[in-house]
Amino acid sequence: MARIAVGGFQHETNTFAMRETGLAQFIEPDAWPGLVRGLEMLEAIAGINLPAAGFVSEASALGHRVVPLLWCAAQPAGRVTREAFETISALLLARLADAGPCDAVYLDLHGAMVAEHFDDADGELLRRVRAAVGPSVPIVASLDFHANISPAMVATADALPCYRSYPHVDMAETGARAARILHRMLARPVVARAHRTLPFLMPLTSQCTLIEPLASLMPLAAKLEGEQILSLCLAPGFPLADVEDCGPTVIGCGWDAAAVDRAADEFQAAVLARESEFALDLVSIDEAIAAARVAPSKSRGPLVLADTQDNPGAGGNADTTSLLKALVGANLPGTVAGIFWDAESVARAHAAGEGATVELAIGAGSGFPGETPLFARARVLKLGDGRFVGTGPFYRGGRFELGPMARVAVGAVEILMASRKQQAADQAMFRHLGSEPAAARVLQLKSSVHFRADFGPLANRVLVVEAPGPNVADPAKLPFTKLPIGRRRRPIGR
């Protein structure tokens with residue numbers, strides 16, 4: 001039985017977003033727990049689709065003793081402040097020191113965290129943990145599918161297993177896989193690593209593993225693993241980070257250097273051969289409204305309009321209103337939009353009460369350029385406290401704390417709002433306010449891809465809409481300054 005220190009510190013940083021990410025954002029809960037330490041951490045993450053939860057469960061089943069340090073995550077946004085990074089890193093390292101000698105360390109990281117003073121914040125954290133435990137203690141860190149993996153991360157950690165699905169329905173399973181990797185590594189230390197970069201950026205909406213090309217490419221990773229290859233992964237990267245290591249990578253580790261290199265080369269070549277298939281497929285707001293006007297009846301499933309560029313799961317603020325205003329202008333029965341982040345409008349709705357009519361200025365509170373509130377007279381349909389449990393494949397088991405919520409009607413359009421931002425990726429967010437997504441004719445969702453796990457099976461059709469927001473869908477439109485020469489901002493053919 002090994003003593004394994006377990007910690008987590010997650011952030012996906014959109015360096016082009018206006019709002020920085022401070023310590024408060026890591027402390028407060030949303031769909032997932034806020035900053036938790038020690039034994040409290042084990043209780044807080046239990047049963048949730050999180051890597052750390054999967055790791056703890058699997059490592060315990062394998063007979064190891066888990067030593068919990070801390071776990072925290074913040075909504076994707078701008079750079080993590082120096083205060084937040086240094087405070088949380090110091091807390092984690094202090095608890096690691098207090099834990100005494102451990103046989104191994106597991107970290108639940110994102111892989112695309114950028115701090116004010118470190119472009120490779122995950123690499124810096126790994127460096128500090130390595131310095132604390134020494135060269136011989138195995139370190140395994142699970143990473144998000146969108147990790148921008150640096151050479152420093154590969155050199156410092158012994159293994160970096162990544163999610164294999166987007167929507168990320170396998171987060172807990174990735175943690176469990178990390179536990180099995182570490183279990184094997186304790187008996188036989190890894191001696192070989194491979195790290196391959198790909199010369200183009202993959203748009204986020206093209207990274208979905210439910211559609212091609214990744215639907216058929218991702219199974220290749222598991223197929224290429226074998227007796228001598230402990231882990232092989234593709235991380236498509238997070239393309240909204242102006243850092244040197246932004247972009248897709250293939251990483252592997254094992255015991256036979258030649259076998260690991262061959263597998264990494266084969267996987268890299270397979271992805272590169274299908275580069276043109278990662279091209280964007282977006283529609284304009286006008287095209288979305290035209291499709292909404294001819295959408296079939298509710299009985300055939302809703303038309304889903306993915307408001308990707310305002311996705312709070314990638315640095316958006318869930319408050320841009322251009323698409324919403326167009327839908328309100330169309331005034332089509334059966335239209336439902338959410339989840340908007342607007343604590344002030346929610347508070348006014350709560351003060352008015354269910355059944356009341358109230359004047360609201362919905363959205364645009366973050367100050368995104370060119371966006372203004374939707375000024376409307378709204379009828380309050382349903383109020384909620386924002387406390388409920390996620391039921392979909394992505395947010396499964398998540399104990400939501402979104403603050404007061406409200407569902408209002410502006411003409412034929414129903415608008416769902418929360419006091420804390422969270423991407424619309426679970427039907428429980430709608431049902432909490434008495435809205436049944438399957439009954440809608442048109443659904444506007446503040447999400448890019450994660451919605452597909454729970455809403456996809458309902459949809460008659462899905463359109464990804466290019467409406468305003470900080471999560472710019474086309475990497476070619478971003479003002480990068482640090483990308484290496486030769487790294488293309490968009491796939492070949494576009």
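Rundown of residues vs (1) in contact (Cβ under 8 Å) with a residue 12 or more places away in the chain; (2) on the phi < 0 side of the Ramachandran plot; (3) in contact with a helix residue (DSSP H, G or I) (Cβ under 7 Å, 6 or more places away or on another chain), yes/no style:
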{"site": "Val6", "(1), (2), (3)": "yes, yes, yes"}
{"site": "Pro29", "(1), (2), (3)": "yes, yes, no"}
{"site": "Leu42", "(1), (2), (3)": "yes, yes, yes"}
{"site": "Ile45", "(1), (2), (3)": "yes, yes, yes"}
{"site": "Pro51", "(1), (2), (3)": "yes, yes, yes"}
{"site": "Gly63", "(1), (2), (3)": "yes, no, no"}
{"site": "Pro68", "(1), (2), (3)": "yes, yes, yes"}
{"site": "Glu86", "(1), (2), (3)": "no, yes, no"}
{"site": "Leu91", "(1), (2), (3)": "yes, yes, no"}
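Specify which of the listed residues (Ala314, Ala269, Ala306, Ala318) is surrounded by fewer than 24 Cβ atoms within 10 Å (Cβ to Cβ) and either free of Cβ contacts under 8 Å to residues at least 12 places away in the same chain or of a type in the set (Gly, Ala, Ser) (or both). Walk me through it before giving the result.
Details: Ala314 fails: surrounded by fewer than 24 Cβ atoms within 10 Å (Cβ to Cβ); Ala306 fails: surrounded by fewer than 24 Cβ atoms within 10 Å (Cβ to Cβ); Ala318 fails: surrounded by fewer than 24 Cβ atoms within 10 Å (Cβ to Cβ).
Going through Ala314, Ala269, Ala306, Ala318 in turn, the sole match is Ala269.
Checking Asp119 against (1) touching a helix residue (DSSP H, G or I) at 6+ places or on another chain (Cβ under 8 Å); (2) among the acidic types (Asp, Glu); (3) under 25 Å from Leu240 (Cβ atoms), only one condition comes out false. Which one?
Of the numbered conditions (1) touching a helix residue (DSSP H, G or I) at 6+ places or on another chain (Cβ under 8 Å); (2) among the acidic types (Asp, Glu); (3) under 25 Å from Leu240 (Cβ atoms), the odd one out for Asp119 is (1).
Could you list, in sequence order, the residues of the stretch 208-244 that are part of a loop (DSSP other than H, G, I, E, B) and crowded, with 24+ Cβ neighbours inside 10 Å?
Thr209, Pro236, Gly237, Phe238, Pro239, Leu240, Ala241
Find the strands (runs of 3 or more DSSP E) located wholly in the stretch 385-464 whose residues include 2 or more that are among the β-branched types (Val, Ile, Thr), and list them. So that I can check it myself, show each step before the final result.
Values: elements: 387-389, 399-401, 405-410, 413-418, 442-445, 461-464.
Those strands (runs of 3 or more DSSP E) span 405-410, 413-418, 461-464.
Here's the yes/no breakdown for (1) at pLDDT 95 or above; (2) basic (Lys, Arg); (3) not assigned by TED's automatic domain parsing to the domain that holds Asn14:
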residue: Gly123; (1), (2), (3): yes, no, no
residue: Ile149; (1), (2), (3): yes, no, no
residue: Thr156; (1), (2), (3): yes, no, no
residue: Pro161; (1), (2), (3): yes, no, no
residue: Asp170; (1), (2), (3): yes, no, no
residue: Arg177; (1), (2), (3): yes, yes, no
residue: Pro189; (1), (2), (3): no, no, no
residue: Arg193; (1), (2), (3): yes, yes, no
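Quick one: would you say Val442 is buried (at least 20 other Cβ atoms within 10 Å of the Cβ), within 20 Å of Asn331 (Cα to Cα) and at pLDDT 95 or above? Give the steps one after another, and end with the answer.
Working: buried (at least 20 other Cβ atoms within 10 Å of the Cβ): yes; within 20 Å of Asn331 (Cα to Cα): yes; at pLDDT 95 or above: yes.
So Val442 fits the description; yes.
Any residue at all in the stretch 220-228 that's touching a Lys or Arg at 6+ places or on another chain (Cβ under 9 Å) and at pLDDT 95 or above?
Restricting attention to the stretch 220-228, the residues satisfying the condition of being touching a Lys or Arg at 6+ places or on another chain (Cβ under 9 Å) are 221-222, 224.
So of that shortlist, the ones also at pLDDT 95 or above come out as none.
No, the stretch 220-228 contains no residue that is touching a Lys or Arg at 6+ places or on another chain (Cβ under 9 Å) and at pLDDT 95 or above.
Would you mention how many residues in the stretch 186-196 are free of Cβ contacts under 8 Å to residues at least 60 places away in the same chain and either at positive phi or not in a loop (DSSP other than H, G, I, E, B) (or both)?
Residues of the stretch 186-196 free of Cβ contacts under 8 Å to residues at least 60 places away in the same chain: 187, 189.
With the extra rule that they be either at positive phi or not in a loop (DSSP other than H, G, I, E, B) (or both), the set shrinks to 187.
Residues meeting the conditions: 1.
Can you tell which of Ala59, Ala73, Ala77 is within 30 Å of Gly390 (Cα to Cα), of a type in the set (A, V, I, L, M, F, W, C), in contact with a Phe, Trp or Tyr (Cβ under 7 Å, 6 or more places away or on another chain) and in contact (Cβ under 8 Å) with a residue 40 or more places away in the chain? Show your work before the answer.
Values: Ala59 fails: in contact with a Phe, Trp or Tyr (Cβ under 7 Å, 6 or more places away or on another chain); Ala77 fails: in contact with a Phe, Trp or Tyr (Cβ under 7 Å, 6 or more places away or on another chain).
Unique residue meeting the criteria: Ala73.
Which members of the stretch 477-494 meet the condition of being closer than 20 Å to Glu12 by Cα and crowded, with 16+ Cβ neighbours inside 10 Å?
Leu478, Phe480, Leu483, Arg489 - these are the residues of the stretch 477-494 that are closer than 20 Å to Glu12 by Cα and crowded, with 16+ Cβ neighbours inside 10 Å.
The values are calculated or read from the model by the stated rules, or taken from the named source; none is laboratory data. Because the structure is predicted, anything quoted here is derived from the model rather than measured. Counting neighbours? That spans all protein chains shown, and the Cβs are built from the backbone with ideal geometry, glycine included.
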